[in-house]
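Below is one structure, written out as structure tokens; the observations come after it.
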């Protein structure tokens, strides 16, 4: 091969590079390791993390059972090691699976159109806000303080240099729900989007319909966010929203210390050309046979460059496939039963505990417990990871923690947590 | 002659929605060990949904067969050469999949105590250090979820530094050969875009750069090697021009597979860059994600990095949230951790010398393809190729066949097409990146296929225009898809 290339050594392939840029020493990295050594290294790192603990953490990342079949499918080389399906004739499998993902997301959320996925739920929020700005021609955004604190932070990072002022709207300290009167006052004639989350960060179910009425009355769009996709199996879909965005992690995507996950954006038919990211559409081939391809790419960066709807390029196809397999395994009946189990576990845990808020909740809720760190410390000795202390996100809730119970929590562990919190 | 593939049967399969039967399920839940509850009573009847209309109802085996059948309709790197230029489709080692699924790593909750996350933090720190050494930069953030996300992070960092010096400036200079994400990112970060022309060698027009680089320009977004696969020969001088006016050098690291172990961006004047861990560092593309867009920076940008940052407190890792000058967070939590595990496993398997060898093999393979195809396809830019080579369809277009048609015919030969019609500065681009993964045998098959297609075009161009002939679908009508978008299934 060297002869064919007209060089006498591999180094000769780089002879044209300016001498001054050449690295004159080896990279200071260890020599290559065998497969056995690599597994050994990562087993040791794994052992330095929590294994064999029961967990009551939620707050945007949930421990749900992952059916074995999910990994069977996503380990298929044809899904795992293929690229973005630009060449439709050679990627019908990926394309049809994404089409099913988009369709199921629509069925769950009550929207007409969903994209092929976003990086995660948090980055879907600023994308939804930018979308609302394009649709309304307005520039301001109001976001509820009950939206996940990290999602709000991400929104601010994106918004800062786009001339998109972001205002936060508070919650009712009794119910744990959005303060609708305050929300009404926060919206003006330049508000493009009102962003709420339900179940909100406290696990509380918001009055989506009332929030939508307030937003629409002033010509703003309602953006509905969810972090716990399992709730979609039981809760009324946010049909009143104009844009729905959220996180699919609960659907067979392991917590993996915070990623990779898959976000979604869904909306009404009339906004289809403002949606960011990849979209798969149904069409026909030259012989009239049903086929799928990426579509409406004139919205996207590789065509529109600086005028694109977003700079987003990749989606989270393989992760979205995990969610797709999960949704179709559980199906119509299973998603509901799963959600009902979560509801039952969380309410068994909450029963008798000093709840901070009075409104209905799904599978997580806020409890007063004096010193949350002390409670958690006691639980750790029983191999239980307790709830999330709320003081760093909400200073006014420093005496409280956010507890989550899913179908993975066993009754004996739940009883231990109840004891520790009630003490 | 088609040597790589033979016709095979392909399973027909309808959408899952069309296969559903009421009552079929593919799941099992554990027995509920607490009292069951009445959802409507707890939540209020108005908050509870009616049944999910049209949602699938299939058994486990139907589910497995469905997705397995779909999978067989895809091409994959495990089936052969996947020469998409700028995409670096290299082999994805399976040990990386195994280690990313180890319980302590895969089931780590981002809010679990730091004392129970030390292994995860150690992985992240080790990867940060390795990437800093590979790029010649001072620090790395692993938070961005993908390449374009890394670009946004990097440009926000530039902006924050310039702002701290009193003026964020208004424009970003971007070569006309750049990926579309570069200008789209600049716009998202509040900059207007000014294009720099490429010269007849496909490199940046340095005279134009010198003319337009001023104290109103935040800096330059450069890709090196650039998208035509050639090394920007005057990169050091380019950096001097930009730095002399107080600007910053951003590098799009999409083509880093041409440089690792040979030269380091930090040593040729780059201030901030992103890496695509799913390209250079072998994490699987998964049909379009997940990726990871780590950003490497010089010291002066360090205070602005997304928070939290790793720090060492009495022999243990901890997260430092006290970062007053930080640009904030670009996503929740700490990054695509599962992808980071795989990237570190790749770096460990290769080690320093192995990474350098991989780079050299990648350039060798691209150069070998170039030599093999040069007699048959026009090569508009003749500087030596790095990891990819860009031909033009000029010769074939005279017979009515364009780059996309050649690509579709390549499918019949059992190869995934190359990148078509990009970069835009090459008319009818045929952009080929083989990566180091490929053996001489596989590459020779590819060269033979491309030569065979060139001959077919001379003999019977119309035949090529009808390709592909071998797939379960013929040429897909993308125009109709865009004109009347059908983006979800609806019951008939």
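In this calculation the C-beta distance from residue A:30 to residue B:316 is compared with R0 = 22 Å, giving a FRET efficiency of 0.45.
When all alpha carbon pairs of the range B:95-348 are counted in 10 Å bins from zero, the resulting P(r) reads 7, 32, 35, 18, 6, 1 %. Seen against the Cα atoms of chain A and their longest principal axis, helix A:149-159 is set at about 50 degrees.
Computed on the range B:308-460, with alpha-carbon pairs under 8 angstrom and 6+ residues apart, the relative contact order is 20 percent. Kindly identify the range B:34-148 as rounded, prolate or oblate by the Cα gyration tensor criterion: order the square roots of the eigenvalues as a ≥ b ≥ c, call it rounded if a/c is under 1.5, otherwise compare a/b with b/c, prolate if a/b is larger, else oblate. Oblate.
Cα-based radius of gyration for the range A:338-380, normalised by 2.2 N^0.38 Å, reads 1.27.
For the residues A:72, B:420, A:153, what sequence is obtained by ranking on other C-beta atoms within 10 Å, fewest first? Intermediate values should be presented prior to the final figure.
Values: A:72 14, B:420 21, A:153 18.
So the residues, fewest neighbours to most, are A:72, A:153, B:420.
Shielding of A:102-115 by partners, i.e. mean partner chain Cβ atoms within 10 Å per residue? Display every interim value, and only then the final one.
On the way: counts 3, 10, 8, 1, 5, 9, 3, 0, 3, 1, 3, 3, 2, 1.
Per residue, the average neighbour count from other chains is 4.
In this rough spin-label picture, where each label sits 7 Å from Cα along the Cβ direction, the residue A:351-residue B:21 distance is 3.9 nm. The distance from the alpha carbon centre of the range A:163-184 to that of the range A:356-393 is 24 Å, rounded to a whole number.
Listed highest first by mean packing, meaning other Cβ atoms within 10 Å per residue, what order do B:128-137, A:114-123 come in?
Output ranking for B:128-137, A:114-123: A:114-123, B:128-137.
For the protein assembly as shown, the alpha carbon positions stretch 81, 61, 60 Å along the principal axes, listed from largest to smallest.
Sorting the segments A:79-91, B:236-248 by their residues' average number of neighbouring beta-carbon atoms within 10 angstrom, most packed first, yields A:79-91, B:236-248. Over the Cα atoms of chain A, each weighted equally, I'd like the Debye log10 I(q)/I(0) at q = 0.06, 0.08, 0.11 Å⁻¹, rounded to two decimals. Summing over Cα pairs of chain A leads to -0.30, -0.52, -0.90.
Our note on the geometry: Cα centres of the range A:213-254 and the range B:448-492, 38 Å apart. Most simply put, chain B has about 55% antiparallel DSSP beta bridges, counting only bridges with both residues inside it. Considering only beta bridges that DSSP places wholly inside the range A:93-196, some 10 percent are antiparallel.
Among B:437, B:359, the order by Cβ neighbours within 10 angstrom, fewest to most, reads B:437, B:359. Here r is the Cβ-Cβ distance between residue B:325 and residue A:298 and R0 is 51 Å; the resulting FRET efficiency, rounded to 0.05, is 0.85. For the segment B:175-181, counting C-beta atoms of other chains within 10 Å of every residue's C-beta and taking the mean gives 4. A full extension of the chain between residue A:173 and residue A:112 corresponds to an added length of 18.4 nm, given 0.36 nm per residue minus the alpha carbon distance.
In this structure, residue B:459 and residue B:7 have a Cβ-Cβ separation that, at R0 = 22 Å, corresponds to a calculated FRET efficiency of about 0.50.
Is the shape of chain B best called rounded, prolate or oblate, per the rule: a/c under 1.5 gives rounded, else a/b larger than b/c gives prolate, else oblate, with a ≥ b ≥ c the square roots of the Cα gyration tensor eigenvalues? Because a/c hits 1.5 or more and a/b fails to exceed b/c, chain B counts as oblate. Each residue, residue B:14 and residue B:492, gets one label point 7 Å from its Cα in the Cβ direction; the gap between the two is 0.7 nm. The shape of the range A:168-250 can be summarised by an equivalent ellipsoid whose semi-axes, obtained from the alpha carbon gyration tensor, come to 21, 15, 10 Å from longest to shortest.
Evaluated at q = 0.09 Å⁻¹, the base-10 log of the normalised Debye intensity for the range B:358-480, with identical point scatterers placed on the Cα atoms, takes the values -0.24.
State the three equivalent ellipsoid semi-axes of the range B:175-307, derived from the C-alpha gyration tensor as the square roots of 5 times its eigenvalues, in descending order and whole Å.
Details: eigenvalues 107, 63, 47 Å².
Equivalent ellipsoid semi-axes, largest first: 23, 18, 15 Å.
Inter-chain Cβ neighbour count for B:89-99, averaged per residue, equals 4 (cutoff 10 Å, partner chain atoms only).
Taking only the Cα atoms of the range B:95-236, the radius of gyration and Dmax are 19.2, 58 Å.
The label-point distance for residue B:32 and residue B:234, in a model that sets each label 7 Å from Cα toward Cβ, rounds to 7.4 nm.
Computed over the range A:9-148, the range of Cα coordinates on each principal axis works out to 61, 48, 40 Å, biggest value leading.
Neighbour counts of other Cβ atoms within 10 Å put A:305, B:69 in the fewest-to-most order B:69, A:305.
Beta bridges assigned by DSSP with both partners in the protein assembly as shown are antiparallel in approximately 60 percent of cases. Residues of the range B:362-401 with the amide nitrogen closer than 17 Å to a label point 7 Å from the Cα of residue B:441, along Cα-to-Cβ, please. Zone members listed by number: none at all. From most to least packed by mean Cβ count within 10 Å, the peptides B:72-78, A:184-190 give B:72-78, A:184-190.
Given Cα pairs under 8 Å that are at least 6 residues apart, what percent is the relative contact order of chain A? The partial results should precede the final answer.
Details: 802 pairs, mean separation 88.0, N = 423.
The normalised contact order for chain A reaches 21 percent.
Principal-axis analysis of the Cα atoms of chain A puts helix A:121-136 at an angle of about 90° to the longest axis.
Every number in this text was worked out from the coordinates using simple rules, so none of it is lab data. Remember, predicted model here, so these are calculated numbers, not experimental data. Cβ: placed from backbone, ideal geometry, glycine included. Neighbour counts: every protein chain shown.
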